[in-house]
Amino acid sequence: MAILVLAVLMFAAAAGTACQNGEEIQSTRLPGVAQDDPFVWPEPGTIVYHSLRSDVWRPIIGDGNWQKNIVDDPNRTPVEDPAVFQEVASTFQEFPFYWLGLEFQGLPLSGITRVYTEPAEDQILLMYGTCEPKPEAGCGPPLQMRVEPCRHNQRPPDAAADGVFQVRGTPAQRVSDHLLLWTGRAFVRISAYTEEMMLAAAEALVAANGQGPATPDEPLPPPSSDC
């Protein structure tokens, strides 16, 4: 089971896997992406860093596997103090680092992964909460976010398109089991166990690095004309 958990931690957010009532939600093309998804998502790229919070994941993974697969792996970083996540987020400069703080609705920020592929794909993957997979099955944390710089093929949809609405002044769209938002120079993808949690997360987004609203009371900037 520990190996399965590790596989999920590495790729669940990147692939968009989610769980509902203990069952994985997947499509026949890419996990978590509907056939009518308007974008072509990149293949998983190079993992720049993969940081996991020790106090929440170690009990699930187990001490032996935690040491072998996290502590001793140069590509993964065990985080003992959650304040490390705060530093990572606040000092990130490449694009707006949207997140929900160190905790959201009782779910701790349990992992931050950065995936980068030359020359244009750069993604921050955030996990809130944990999960315990069943034997021979994976799982995804209750809430996951992917934040990346907007690109020319990620322009916001027409306001009249299906599923498009406004969140704090910026366009959002429900696509399959995900909520997509276009704001400033960032593109944000949220998945969660419930629609209510996805919407609440969108309403609570803040930019940890000063490149967007500092509080949920502030509107999200409209999509940049450069996107």
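Read-outs throughout are calculated quantities, based only on the coordinates presented, and are distinct from any laboratory measurement. Since this is a predicted model, take the numbers as computed values, not measurements. Glycine gets a Cβ as well: all are built from the backbone with ideal geometry, and neighbour counts include every protein chain shown.
For every other residue with a beta carbon closer than 14 angstrom to the beta carbon of Phe92, add +1 if it is Lys or Arg and -1 if Asp or Glu, then tell me the sum. Display every interim value, and only then the final one.
Details: positive: Arg114, Arg185; negative: Glu87, Glu94, Asp122, Glu148.
It works out to a net charge of -2.
Suppose R0 equals 35 Å; then what is the FRET efficiency for Ser90 and Lys68 from their Cβ-Cβ distance, rounded to the nearest 0.05? If you can, show how the numbers build up before the last one.
Working: r = 31 Å, r/R0 = 0.90.
With R0 = 35 Å, the Cβ-Cβ based efficiency is 0.65.
Run the numbers for Asp226 and Glu195: contour at 0.36 nm per residue of separation, minus the present Cα-Cα distance, in nm. Write down the numbers at each step before the final one.
Details: separation 31, 0.36 × 31 = 11.16 nm, distance 3.02 nm.
Using 0.36 nm per residue and subtracting the Cα-Cα distance, I get 8.1 nm.
Provide the per-residue ³J(HN,Hα) series for the range 79-86, in order, calculated from phi with Karplus coefficients 6.51, -1.76, 1.60 and θ = phi - 60°, each as a whole number of Hz, with x at glycine and proline positions.
10, 7, 10, x, 4, 4, 4, 4
Once amide H atoms are built 1.01 Å from N in the peptide plane, which residues 5 or more positions from Val175, or in another chain, come under 5 Å H to H?
Excluding prolines and chain starts, which carry no amide H, the hits are Leu180.
When the Karplus curve 6.51 cos²θ - 1.76 cosθ + 1.60 is applied with θ = phi - 60°, which whole-Hz ³J(HN,Hα) does each residue of the range 51-66 get, with x for Gly and Pro?
For the range 51-66, the Karplus curve yields 10, 10, 7, 4, 5, 9, 8, 4, x, 7, 6, x, 4, x, 6, 4 Hz.
Calculate, in nm to one decimal, what Arg151 and Glu132 gain on full extension: separation in residues at 0.36 nm each, minus their alpha carbon distance. Don't skip to the end; give the middle numbers.
On the way: separation 19, 0.36 × 19 = 6.84 nm, distance 3.50 nm.
Contour length minus the Cα-Cα distance gives 3.3 nm.
Would you kindly derive the ³J(HN,Hα) couplings of the range 204-215 from the backbone phi angles with the Karplus curve 6.51 cos²θ - 1.76 cosθ + 1.60 (θ = phi - 60°), listing them in order in whole Hz, with x for Gly and Pro?
In residue order, the calculated couplings are 9, 4, 9, 9, 6, 9, x, 9, x, x, 8, 9 Hz.
To the nearest 0.05, what FRET efficiency results for Asp158 and Leu102 with a Förster distance of 25 Å applied to their C-beta separation? Mind dumping the intermediate values first?
Working: r = 37 Å, r/R0 = 1.47.
Result of the calculation: an efficiency of 0.10.
Under the rule of at least 5 residues apart or a separate chain, name every residue whose amide H is placed under 5 Å from the amide H of Ser110.
Met127, Tyr128, Gly129
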